[in-house]
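Asks: Take a look at the following structure, please.
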Amino acid sequence: MIKSPSPRLRTVLLLFFFGAVVAGALWTRLPGLGPEAVLLLCLLVVAAASARGAGLDVPVQLLKNSWSTPELRSLLLGSVMCAPVLVYLMMTWGQEFAFRGDDDFHLFAAAAAARFWIKSLPALALSLGALALAARRWRASLWSLAALGLLLALGWAGEASEPALVRYPAVFYFFSTPLVILSRVLQWDSPVNANRLLNALALPCWLFALRPALLGRAPDRRAALFCAYFFFQKHVVYYFASAYLEPWSLVLSLTAVESLLDDDRSRPWLPCLLVGGAAMIKEQAILLLPFFWIASYGRRGVRSLIGPEPLLVMSCSGAPFLLYFAARRQAGVWRHWVLRRPDDLFSAARAQVYWQHLRFQFGGSGLALCLGAILCALFLSCWKNRRRWECAWLAAAALGQALFFYADGWSGTGYPRFQLFTAALIGASLFVASDLLDGPRRRAIYAAALGTILLLNAPGLVEALRLGLGPDPERSFIEDYDAPIYLPIRRLVRQAEREGALADGTRIAVNTPMPQNEVDLIRTAYADLARRHAFVFPPRSFLEPVCRCGPDAPAVLMPLVRMTGLAEGRSQPPARLAVEAGCLREIAAACGRVFKAESRPGGVLYGMLGTPR
């Protein structure tokens, strides 16, 4: 018997679709997509709304009735799980800006989103609020078409969102806007910390809000085993305290994983919607949707996938991302996937680079842990158990992620950030293993497994915390061979200020240690310093730096690139090294006072600042 979607489910699907379109600022791009896209949207909305009794009421069936205030034991357990990320964020709250990565883009995109929402939110909120009040007793076919018409009208009447909001899905920037405004009101030293704080909150929100609300699970032994495996990894700690988009996309995907493995099978649509939401934060999550959809609906065979409910759930889950993708192409934003040439794809050199990245990301003990997780996933996918079907599709999704980025001609080989989803999906088997190890007789095995995981992750975690406590330049090149680069800009300027060598309004000439003059980001990334001093950026300062304190630039700053991380053992071009050595000597001779940023007195030199007095 073919099951038709219930009116309540249709309401959930429509609210998800419109929520993603609004939060992703896609409604401003709808008129530019052409009449064909608008017609398809109308057909989708009509298909989702064509049922009686589906009004605009809150779909409470989305929440678990068992959601309650967590006990003290759960609070303590969840706090321990969150500790590495939150401690690392506190350690690095005042860190230097990360040049050469994507922090600059996310900083500007968050600022663009704040400008957009400050301007657009009042009219949008009033319009949607009025519609919600009027449509409380309307059928879904009425209020949904009215909502679509309202968004189209607002899109035609207003201006399209900035291109920065279609380079990546813009839902993350929607939620970062309050923190961006707060950072300006409180005049935070580093504006990028608004994004970093939002990402660090993803883990506690997953443990204390998403899991209890959607799954009825407080922080428990099931989450503990996975968190010990995943959230105690060095690079996971680093990225969850960064400005990137992956953290929130990951926690939504992990909620989808647990929903897929839940004993309650009355909501097979929930994993698909969660993955669709994750894709509206970071686009690579869309690759998971087919796997989760088949795992949710395909257990009884192919015919079970072609019913009205599975097809409608798949369409509504993926529709916001398809709209985003069309808007990105329409805006001419560059980023596409290109299959590598066969000679490059299967070359030994690429395999060696990939292996180097894996060793750097996980370390020897971490690789052993990943191998154990892979074996566990394969065993649970083959061994007869009640979660074999789901484990097999989760393992396939992990493999799909790894192959997608390994074959991509534009992605860096083995780039750690692109391996996060693969590592998380491999570790999803630990949720099932935790359930299998429940019971008095198996608690010793569970405790041994938990202890082994913590022991194997300990070297990497200790290294991450040690780097967080140390000088910022020592964390350079932790992502790839060319990024990020931490320069001792705030450290040198504040050192000179404490000594009374820099008065407010001093012009500081900043020489760039990189071929591209990216240090001009100082005006935005170092808001505290830019409020007190005037930074100037001499042209061609990579090979022709300004090295004398003079009338045009009373102070001169010469930052150096610390070759560590993946770049350890490499060096700058000889011409650049000669320029640096000569400039440092000239600053020491020509400026009244000299300040050095060193790992320790007489140790590794990270940069030098010369002042007139």
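Asks: Can you name the residue in the range 493-522 that is open to solvent by less than 10 Å² (accessible area, probe 1.4 Å) and not in a helix (DSSP H, G or I) and is also farthest from residue 481 (Cα to Cα) among such residues?
Replies: Pass one, the range 493-522, residues open to solvent by less than 10 Å² (accessible area, probe 1.4 Å): 493, 496, 501, 508-514, 519, 522.
Of the ones still in play, those that are also not in a helix (DSSP H, G or I) are 501, 508-514.
Values: 501: 36, 508: 30, 509: 28, 510: 24, 511: 22, 512: 18, 513: 16, 514: 14 Å.
Among them, the one singled out is 501.
Asks: I've got another one for you. So, of the residues in the range 359-392 that are of a type outside the set (D, E, K, R) and open to solvent by 90 Å² or more (accessible area, probe 1.4 Å), which turns out to be nearest to residue 415 (Cα to Cα)?
Replies: In the first step, residues of the range 359-392 are kept if they are of a type outside the set (D, E, K, R); the result is 360-383, 385, 389, 391-392.
Still in the running and open to solvent by 90 Å² or more (accessible area, probe 1.4 Å): 371, 375, 378-379, 382-383.
Details: 371: 19, 375: 23, 378: 24, 379: 28, 382: 30, 383: 33 Å.
Per the stated criteria, the residue is 371.
Asks: If I ask for residues that are open to solvent by less than 30 Å² (accessible area, probe 1.4 Å), touching a Phe, Trp or Tyr at 6+ places or on another chain (Cβ under 9 Å) and not charged (D, E, K, R), which ones from the range 523-556 would you list?
Replies: 525, 526, 527, 529, 535
Asks: Quick one: is residue 211 touching a Lys or Arg at 6+ places or on another chain (Cβ under 6 Å) and among the basic types (Lys, Arg)? Explain how you work it out, then say what you get.
Replies: On the way: touching a Lys or Arg at 6+ places or on another chain (Cβ under 6 Å): yes; among the basic types (Lys, Arg): yes.
It is true that residue 211 is touching a Lys or Arg at 6+ places or on another chain (Cβ under 6 Å) and among the basic types (Lys, Arg).
Asks: Scan the range 396-407 for residues that are under 16 Å from residue 253 (Cβ atoms) and either open to solvent by less than 30 Å² (accessible area, probe 1.4 Å) or of a type outside the set (Gly, Ala, Ser) (or both) and report the count. Write out each step before concluding.
Replies: First, the residues of the range 396-407 that are under 16 Å from residue 253 (Cβ atoms): 396-402, 404-405.
Restricting the remaining residues to those that are either open to solvent by less than 30 Å² (accessible area, probe 1.4 Å) or of a type outside the set (Gly, Ala, Ser) (or both) gives 397-402, 404-405.
Residues that pass the stated criteria total 8.
Asks: Taking the stated definitions as given, is residue 356 at pLDDT 90 or above and open to solvent by 60 Å² or more (accessible area, probe 1.4 Å)? Before the answer, list the steps.
Replies: On the way: at pLDDT 90 or above: yes; open to solvent by 60 Å² or more (accessible area, probe 1.4 Å): yes.
In short, yes.
Asks: Residue by residue through the range 326-346, note down the ones that are over 21 Å from residue 169 (Cβ atoms) and surrounded by 11 or more Cβ atoms within 10 Å (Cβ to Cβ).
Replies: Once the filter is applied, which keeps residues that are over 21 Å from residue 169 (Cβ atoms) and surrounded by 11 or more Cβ atoms within 10 Å (Cβ to Cβ), the range 326-346 yields 340, 344, 345.
Asks: Looking only at helices (runs of 4 or more DSSP H) that lie completely in the range 152-252, which have at least 3 residues being open to solvent by 20 Å² or more (accessible area, probe 1.4 Å)?
Replies: On the way: elements: 164-167, 171-185, 193-200, 202-205, 221-230, 234-240.
Result: 171-185.
Rundown of residues vs (1) of a type outside the set (S, T, N, Q); (2) touching an Asp or Glu at 6+ places or on another chain (Cβ under 7 Å); (3) touching a residue at least 24 places away in the same chain (Cβ under 8 Å), yes/no style:
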| site | (1), (2), (3) |
| --- | --- |
| 492 | yes, no, yes |
| 511 | no, no, yes |
| 539 | yes, no, no |
| 556 | yes, no, yes |
| 566 | yes, yes, yes |
| 571 | no, no, no |
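The values are calculated or read from the model by the stated rules, or taken from the named source; none is laboratory data. Owing to the predicted nature of the structure, the values given are computational and were not obtained by experimental measurement. Every residue, glycine among them, receives a Cβ derived from its backbone with ideal geometry; neighbour counts consider all protein chains shown. To get the accessible areas, we keep the full protein, side chains included, count just its heavy atoms, and leave off ligands, DNA and RNA. Shrake-Rupley method; radii C 1.70, N 1.55, O 1.52, S 1.80 Å.
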